[in-house]
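Student: If you scroll down you'll find the structure; I have some questions about it.
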Amino acid sequence: MADHLKKAGNKQVHPLDDMVRRDRMPHIWCPGCGIGTVFSACLTAIKSSGIDLDKVVMVSGIGCSGRAAGYTNLDSFHTTHGRAIPFATGVKLANPELKVIVFSGDGDLFAIGGNHFIHAARRNIDITVVCVNNLNYGMTGGQAAATTPEGSLTTTTPLGNPERPFNLPLLAYAAGAAYVARWTMLHIQDLTESIKEAMVKPGFAFIEALSPCPVNYGRRNKEKPLDTLTMYRDKTIIKNGASPLELDVDSRKSIILGKFVDIQKPTFFELYEKIYRPAE
Amino acid sequence: MKPALLTGKHYITGDVACAEGALAAGCRFFGGYPITPATEIAEHMAERLPGVGGLFIQMEDEIAAMASVLGASWAGKKSMTATSGPGFSLMMENIGLGVSTETPCVVVNVQRGGPSTGLPTQVAQGDMMQARWGSHGHYAIIALSPSSPQELFYQTIRAFNLSEKYRTPVLIMTDEVIGHMSERVEIPEAGKIEVFSRNKPRGRRDRFRLFSPVENGVAPMPAAGDGYRIHVTGLTHDERGYPDLTVDAQANMVGRIVGKIQNHLDDIIQTESYRMQDAEIVLISYGVSGRTALAAVDMARSQGIKAGLLRLLTVWPFPEAMIRSLAGRVKGFVTVEINLGQIHLEVERCAAGRTPAFLVGHAGGTLISPQRVVERIKEAF
């Protein structure tokens, strides 16, 4: 038995059992999918942060990653497509003592929800956004996303993607995020530490987690499940503090991982309080 | 700092009266986006909310505004937004989420001429069917339509009360003229205002079911952070709130959403009758056109026509039983509204061929004159 499982009587207890709704298992994620690993990292980060779990809220949009909210044993909201961030904004501003985490996918957060992402970052809303980036729309069967690399095959780009993808950390940085990091689901310790650090830090935090979608993306792009993981190991470079300009995901060069932005600046709520409710 | 309740006599616009009504009802979160002719509601809330412990945020669009309102409601605050046609269209998606997740909130539509950008500064009542069916799927909703700034003040309080009681978005379908006109508005003392707040769950947390009706056809509603570890989804869900994509779960959920409104019509529907005792010609109207219809009744009466008015303060759910009971007993129904026939279709449906139903309306841009209504009555009867 793996180390992370221990026996309690006849029942196997996973260290994150108390963090998931066991009555909602099994989950919908495909074999070889990375969302579960990112989800585990996120739950481990939440648990180890020491924050009162009754005060942690998870908000998701729509898509494979959007199902995460339904599996966590926290106050959790599975909202409309692309709208997790403005929903989370409402939750956070209505009760600033809550810790709000948005857990969603690249299609949800950056195509249909792109406008909300940049504005929440600009306002420095004190939420943590974890984006599982699997480079395509998995749930609907593998269509091109705003993150699909140029030339890649998807069901809606059958001869190759003619569009260029977003460089997500650059976008977050340009929009004003206080914390920006990128890891792959293979870099689970770094990813977990990053999410934890982001949660504790005030301000808009963004963490991109690259994650395989072997069933829809990998299959069409001659990438076997293990190939993607090997690529995450061999063709990535950890470069903390790298310029956001060099963070594009391009199969012709290495993918840069690390923490790129970690700055202090007043949140929307802090400024609102200061301007509208100055101390008597 | 001004108190939440500005008891006293005021001379204010409908938009400001609406904002004051919201504050009186306990609204403490406004997520908005500017749009004529509803902007003044947002502006007034931006000024007033910080002083009463609330928060105003101008979001990036109406989609985000509506999403933030739902989020704030689940965090325990009475929440609202205000918009007009184009923004109302954008809000439809998350109004549907609010309906599905039984989230109390108030959405004000200060109607202007449409479709599309239409007549930004001019009156219309063309969004009445959109209010009823604008979000996808089958559901029920509550929509109110006041005829004066004073009434807008009271109906805004009522909208919050109904939304909290029945855990549903409530729409206030006002219009450009009521929103922008200034009239005397009297704000009573706190003791004379009835304010209802959502029931909170009590007892064992592990036994609590988020969508299991207890009172008024709805379950009590905890806030995020209360320790109930709730799950809320726009997917079809069971009484725990867990996704359940089955025919039975769909029937139960939609049945509950429709039932909680259909089973409380007496509480939700409010109408005002004017000179109806011996009326043979019944005018049906709402919002600013209710004022036209009122004047038309008096004008018709002065010419010997026995006219009366049934003014709908609640437009949805439609006061179906009332129209059905009049059908066959009166000579005619005349619906007065600034569109080419929306509520008129409902009246016609409920008249069921037993009483002829006519429309006095136009496509929008100005009010309907009482003279036109009286002429139409004379023509038809």
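The values are calculated or read from the model by the stated rules, or taken from the named source; none is laboratory data. Everything numeric in this text was worked out from a predicted model, so none of it was measured. Methodologically, a virtual Cβ is constructed for each residue, glycine included, from the backbone with ideal geometry; neighbour enumeration extends over all protein chains shown. Side chains are part of the model used for accessible areas, which takes the heavy atoms of the whole protein and leaves out ligands, DNA and RNA. Shrake-Rupley method; radii C 1.70, N 1.55, O 1.52, S 1.80 Å.
Student: If I go through the range B:261-284 residue by residue, how many of them are in a loop (DSSP other than H, G, I, E, B) and open to solvent by 80 Å² or more (accessible area, probe 1.4 Å)?
Tutor: Initial filter on the range B:261-284 (in a loop (DSSP other than H, G, I, E, B)): B:263-264, B:269-270, B:275-280.
Now drop any that are not open to solvent by 80 Å² or more (accessible area, probe 1.4 Å), which leaves B:263, B:275, B:277.
Looking only at that region, the number is 3.
Student: Now for a different question. Mind checking which residues of the range B:54-74 are open to solvent by 10 Å² or more (accessible area, probe 1.4 Å) and facing another protein chain (nearest Cβ under 7 Å)?
Tutor: B:E60, B:D61, B:I63
Student: At least 3 residues that are polar (S, T, N, Q) and open to solvent by less than 20 Å² (accessible area, probe 1.4 Å) in each: list the helices (runs of 4 or more DSSP H) lying fully within the range B:128-189 that qualify.
Tutor: On the way: elements: B:128-133, B:149-166, B:176-180.
Qualifying helices (runs of 4 or more DSSP H): B:149-166.
Student: Yes or no: the range B:207-220 includes at least one residue that is at pLDDT 95 or above, touching a helix residue (DSSP H, G or I) at 6+ places or on another chain (Cβ under 8 Å) and open to solvent by 30 Å² or more (accessible area, probe 1.4 Å).
Tutor: Looking through the range B:207-220, at least one residue is at pLDDT 95 or above, touching a helix residue (DSSP H, G or I) at 6+ places or on another chain (Cβ under 8 Å) and open to solvent by 30 Å² or more (accessible area, probe 1.4 Å).
Student: Has the range B:63-79 got at least one residue that is within 15 Å of the chain's Cα centre (by Cα), at negative phi and not in a helix (DSSP H, G or I)?
Tutor: Of the residues in the range B:63-79, the ones within 15 Å of the chain's Cα centre (by Cα) are B:79.
Those still in the list that are at negative phi too: B:79.
With not in a helix (DSSP H, G or I) added as a condition, the list becomes B:79.
Within the range B:63-79, one or more residues are within 15 Å of the chain's Cα centre (by Cα), at negative phi and not in a helix (DSSP H, G or I).
Student: Tell me, which residue of the range B:5-41 that is in a helix (DSSP H, G or I) and in contact with a Gly (Cβ under 6 Å, 6 or more places away or on another chain) is surrounded by the most Cβ atoms within 10 Å (Cβ to Cβ)? Working first, answer last.
Tutor: To start, the set of residues in the range B:5-41 that are in a helix (DSSP H, G or I) comprises B:14-25, B:39-41.
Add one more test, that the residue is in contact with a Gly (Cβ under 6 Å, 6 or more places away or on another chain), and what stays is B:14-15.
On the way: B:G14: 32, B:D15: 28.
Top of the filtered list is B:G14.
Student: Moving on. Go through (1) more than 23 Å from B:L359 (Cβ to Cβ); (2) without any contact (Cβ under 8 Å) to a residue 12 or more places away in the chain for B:W133 and report which single condition fails.
Tutor: Among (1) more than 23 Å from B:L359 (Cβ to Cβ); (2) without any contact (Cβ under 8 Å) to a residue 12 or more places away in the chain, B:W133 violates only (1).
Student: Can you tell me which of B:L245, B:L359 is assigned by TED's automatic domain parsing to the domain that holds B:V99, at negative phi and not in a helix (DSSP H, G or I)? Walk me through how you get there before you give the answer.
Tutor: Values: B:L359 fails: assigned by TED's automatic domain parsing to the domain that holds B:V99.
Answer to the selection: B:L245.
Student: Just for strands (runs of 3 or more DSSP E) wholly inside the range A:169-269: which have at least 2 residues that are of a type outside the set (K, R) and open to solvent by 60 Å² or more (accessible area, probe 1.4 Å)?
Tutor: Details: elements: A:179-184, A:205-210, A:236-238, A:255-262.
Strands (runs of 3 or more DSSP E) meeting the threshold: A:236-238.
Student: Separate question: So, in the range B:318-329, of the ones that are open to solvent by 10 Å² or more (accessible area, probe 1.4 Å) and either of a type in the set (A, V, I, L, M) or in contact with a helix residue (DSSP H, G or I) (Cβ under 8 Å, 6 or more places away or on another chain) (or both), which residue ends up nearest to B:Q155 (Cα to Cα)?
Tutor: So in the range B:318-329, the residues open to solvent by 10 Å² or more (accessible area, probe 1.4 Å) come out as B:318, B:320-322, B:324-326, B:328-329.
Restricting the remaining residues to those that are either of a type in the set (A, V, I, L, M) or in contact with a helix residue (DSSP H, G or I) (Cβ under 8 Å, 6 or more places away or on another chain) (or both) gives B:318, B:320-322, B:324, B:326.
Numbers: B:F318: 16, B:E320: 21, B:A321: 22, B:M322: 21, B:R324: 25, B:L326: 26 Å.
Across the range B:318-329, the extreme among qualifying residues is B:F318.
Student: Follow-up. Restricting attention to the range A:93-104, which residues are farther than 18 Å from B:Q58 by Cβ, open to solvent by less than 10 Å² (accessible area, probe 1.4 Å) and facing another protein chain (nearest Cβ under 9 Å)?
Tutor: Matches in the range A:93-104: A:L98, A:V100.
Student: Would you confirm, using the coordinates I've provided, whether B:R291 is of a type outside the set (G, A, S), assigned to a loop (DSSP other than H, G, I, E, B) and either without any contact (Cβ under 8 Å) to a residue 40 or more places away in the chain or buried (at least 20 other Cβ atoms within 10 Å of the Cβ) (or both)?
Tutor: Working: of a type outside the set (G, A, S): yes; assigned to a loop (DSSP other than H, G, I, E, B): no; either without any contact (Cβ under 8 Å) to a residue 40 or more places away in the chain or buried (at least 20 other Cβ atoms within 10 Å of the Cβ) (or both): yes.
Considered against the rule, which asks whether it is of a type outside the set (G, A, S), assigned to a loop (DSSP other than H, G, I, E, B) and either without any contact (Cβ under 8 Å) to a residue 40 or more places away in the chain or buried (at least 20 other Cβ atoms within 10 Å of the Cβ) (or both), B:R291 comes out as no.
Student: Just the residues that are outside any strand (DSSP E or B), open to solvent by 20 Å² or more (accessible area, probe 1.4 Å) and either polar (S, T, N, Q) or modelled with pLDDT under 95 (or both), please, taken from the range B:103-127.
Tutor: Scanning the range B:103-127 gives B:S116, B:T117.
Student: Quick check, is A:N133 out of contact with any Cys (no Cβ under 6 Å at 6 or more places or on another chain), of a type outside the set (S, T, Y) and either open to solvent by less than 10 Å² (accessible area, probe 1.4 Å) or within 13 Å of chain B (Cβ to nearest Cβ) (or both)?
Tutor: Values: out of contact with any Cys (no Cβ under 6 Å at 6 or more places or on another chain): yes; of a type outside the set (S, T, Y): yes; either open to solvent by less than 10 Å² (accessible area, probe 1.4 Å) or within 13 Å of chain B (Cβ to nearest Cβ) (or both): yes.
Yes.
Student: For A:A198, state whether it is within 30 Å of B:L55 (Cβ to Cβ) and touching a Gly at 6+ places or on another chain (Cβ under 6 Å). Even if it seems obvious, please write down each step before you answer.
Tutor: Details: within 30 Å of B:L55 (Cβ to Cβ): yes; touching a Gly at 6+ places or on another chain (Cβ under 6 Å): no.
Taking the combined requirement at face value, the residue does not satisfy it.
Student: Filter the range A:26-48 down to residues that are in a loop (DSSP other than H, G, I, E, B) and of a type outside the set (F, W, Y) and give me whichever is nearest to A:C131 (Cα to Cα). Spell out how you get there, then give the answer.
Tutor: Filtering the range A:26-48 down to residues in a loop (DSSP other than H, G, I, E, B) leaves A:26-34.
This time we only want the ones that are of a type outside the set (F, W, Y), so: A:26-28, A:30-34.
Numbers: A:P26: 22, A:H27: 19, A:I28: 18, A:C30: 18, A:P31: 20, A:G32: 18, A:C33: 14, A:G34: 12 Å.
Among those that are in a loop (DSSP other than H, G, I, E, B) and of a type outside the set (F, W, Y), it is A:G34.
Student: Quick one: which of A:G90, A:G107 is buried (at least 24 other Cβ atoms within 10 Å of the Cβ) and either basic (K, R) or under 12 Å from the mean Cα position of the chain (by Cα) (or both)? I'd like the intermediate steps shown before the answer.
Tutor: Working: A:G90 fails: either basic (K, R) or under 12 Å from the mean Cα position of the chain (by Cα) (or both).
Answer to the selection: A:G107.
Student: Would the range A:48-55 turn up any residue that is buried (at least 24 other Cβ atoms within 10 Å of the Cβ) and either at the interface with chain B (Cβ under 8 Å from one of its Cβ atoms) or modelled with pLDDT of 95 or more (or both)?
Tutor: Within the range A:48-55, the first condition is being buried (at least 24 other Cβ atoms within 10 Å of the Cβ), and the residues that meet it are none.
The answer is no, given that none of the residues of the range A:48-55 is buried (at least 24 other Cβ atoms within 10 Å of the Cβ) and either at the interface with chain B (Cβ under 8 Å from one of its Cβ atoms) or modelled with pLDDT of 95 or more (or both).
Student: Still on this model: Just checking, does the range A:35-43 include any residue being without any contact (Cβ under 8 Å) to a residue 12 or more places away in the chain, more than 14 Å from chain B (Cβ to nearest Cβ) and within 15 Å of the chain's Cα centre (by Cα)? I'd like the intermediate steps shown before the answer.
Tutor: Taking the range A:35-43 and keeping what is without any contact (Cβ under 8 Å) to a residue 12 or more places away in the chain, we get A:36.
Next cut, more than 14 Å from chain B (Cβ to nearest Cβ) only: A:36.
Filter once more, keeping what is within 15 Å of the chain's Cα centre (by Cα): A:36.
Yes, because at least one residue in the range A:35-43 is without any contact (Cβ under 8 Å) to a residue 12 or more places away in the chain, more than 14 Å from chain B (Cβ to nearest Cβ) and within 15 Å of the chain's Cα centre (by Cα).
Student: Picking from B:R198, B:R240, which residue would you name as being away from chain A (no Cβ under 11 Å), buried (at least 16 other Cβ atoms within 10 Å of the Cβ) and not in a helix (DSSP H, G or I)?
Tutor: Numbers: B:R240 fails: away from chain A (no Cβ under 11 Å).
None of the others qualify; the one that does is B:R198.
Student: Just one of the numbered conditions (1) open to solvent by 20 Å² or more (accessible area, probe 1.4 Å); (2) in a loop (DSSP other than H, G, I, E, B) is not true of B:I368; which one?
Tutor: (1)
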